[in-house]
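Structure first, commentary second.
The values are calculated or read from the model by the stated rules, or taken from the named source; none is laboratory data. Predicted, not measured: the structure shown is a model, and the values here were computed from it. Backbone-built Cβ (ideal geometry, glycine too); neighbour counts: all protein chains shown. Note: accessible area is taken over every heavy atom of the protein model, side chains too, but ligands, DNA and RNA are not part of it. Shrake-Rupley method; radii C 1.70, N 1.55, O 1.52, S 1.80 Å.
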Amino acid sequence: MQIARVIGTVVATQKHRKFEGAKLLLVQPLNMDDTPRGTALLAVDGVGAGVHEKVLVVLEGRAAGEALGKKAAPVDAAIIGIIDEVDFDGSL
Amino acid sequence: MQIARVIGTVVATQKHRKFEGAKLLLVQPLNMDDTPRGTALLAVDGVGAGVHEKVLVVLEGRAAGEALGKKAAPVDAAIIGIIDEVDFDGSL
Amino acid sequence: MQIARVIGTVVATQKHRKFEGAKLLLVQPLNMDDTPRGTALLAVDGVGAGVHEKVLVVLEGRAAGEALGKKAAPVDAAIIGIIDEVDFDGSL
Amino acid sequence: MQIARVIGTVVATQKHRKFEGAKLLLVQPLNMDDTPRGTALLAVDGVGAGVHEKVLVVLEGRAAGEALGKKAAPVDAAIIGIIDEVDFDGSL
Amino acid sequence: MQIARVIGTVVATQKHRKFEGAKLLLVQPLNMDDTPRGTALLAVDGVGAGVHEKVLVVLEGRAAGEALGKKAAPVDAAIIGIIDEVDFDGSL
């Protein structure tokens, strides 16, 4: 799983029917010092996250479908938690 | 999921039988500022997208098969939505 | 799916029993201008492709197993089509 | 599987219900000489690992769900072993 | 699938119970000219490979589990063949 920040939303009125009802958020993966890492991507929201929040993102289709509660959903990334705190030892 | 633009088509008369009927489009992943990111790839079309359109692409086999409506299809990427609008806060 | 060119073959007499009978080809992923992109990889052949041909490669285990017609095959890449023509608008 | 070191923990009180009870650790992938490689990521703990330990990490959803003992868990990485010793011939 | 060389072994006495009995080898992916490519990784052995041998590695969880003969195994890479010979046309 990756640490990311929700930075936006996407509107797609014409979409796959199995995708209806899914809330889609734009998330930016972060480095340990909270700087952006790589490109932002789209994830379905499985926990009610909002823009600005630091979240836990799972990057895999089966897992993302499970997060959405629809095994057959055509998704490959999902937000599965809102991060309160990260503790780490940078010297390791 | 990734944001991409449909930039072309591919013709493959000799193909795997489970792949028959699938419309294959060439899509270019985009950065947030709509510049190209990485190499173009091929995705099956699950929503009736056309060349020039900005689309939502799922990059994973199970998910792409679901998008095509054929669980057993040998595919690894699919277009699952046509993007109307992307709203994001670049300062985050 | 990726566009690639078949550039060779691999001989492996000692192999996993579920892998018996699979034809294994060495394929080089290509950029849109047909220059090589990254490293060559091995894919099982699902369509009867030959060396020099431009092919459509699926890069995912489930999908590759489907292409081989063996769900349980331990494979992660397969050739699923022979490309006749690629049409794209490079200005997009 | 990858060799990594556990470097921290993450607290996420609001999380996906299928994720309850999973212990989440921050792991840093390592090169063969134990220097950090790429960015740290989050993995569920399947073996009772602790901070500072060198571990074996599986990076794939299905496998990580199996490690957690919950096939339907929305996870994509898991710690599946604690490494005692790595023997390798660097000249190969 | 990738071409790699077995360069070592890993000892992990404390490991996930579904992982018991799996022989774990350290493999170094190779370029076409047999130079190392990227970082070494760990793969379960499905064919009885030994250190120094050039092998065929499958990088995907489902496939690796199949190679191990345990669908539910928490693994993401497996050795599925020992390579005798690679023939390729470098001019393509």
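Brief remarks follow.
- Scope segment C:11-21; condition small (Gly, Ala, Ser) and within 10 Å of chain E (Cβ to nearest Cβ); matching residues: C:Ala12
- Filter pass, E:Gly46 being of a type in the set (Gly, Ala, Ser) and more than 7 Å from every other protein chain (Cβ to nearest Cβ): no
- Meets criteria (at pLDDT 85 or above and over 14 Å from A:Leu56 (Cα atoms)) for D:Leu30: yes
- Within segment B:64-87, residues that are within 7 Å of chain A (Cβ to nearest Cβ) reach partners that are charged (D, E, K, R) and in a strand (DSSP E or B) with beta carbons closer than 6 Å, at six or more positions or on different chains, in the pairs B:Gly81/A:Lys15; B:Ile83/B:Lys54.
- Listed by position, the strands (runs of 3 or more DSSP E) contained in segment D:17-92 that have at least 3 residues being open to solvent by 20 Å² or more (accessible area, probe 1.4 Å) are D:85-88.
- Verdict on E:Gly8 being away from chain C (no Cβ under 14 Å), more than 30 Å from C:Asp34 (Cα to Cα) and modelled with pLDDT of 95 or more: yes
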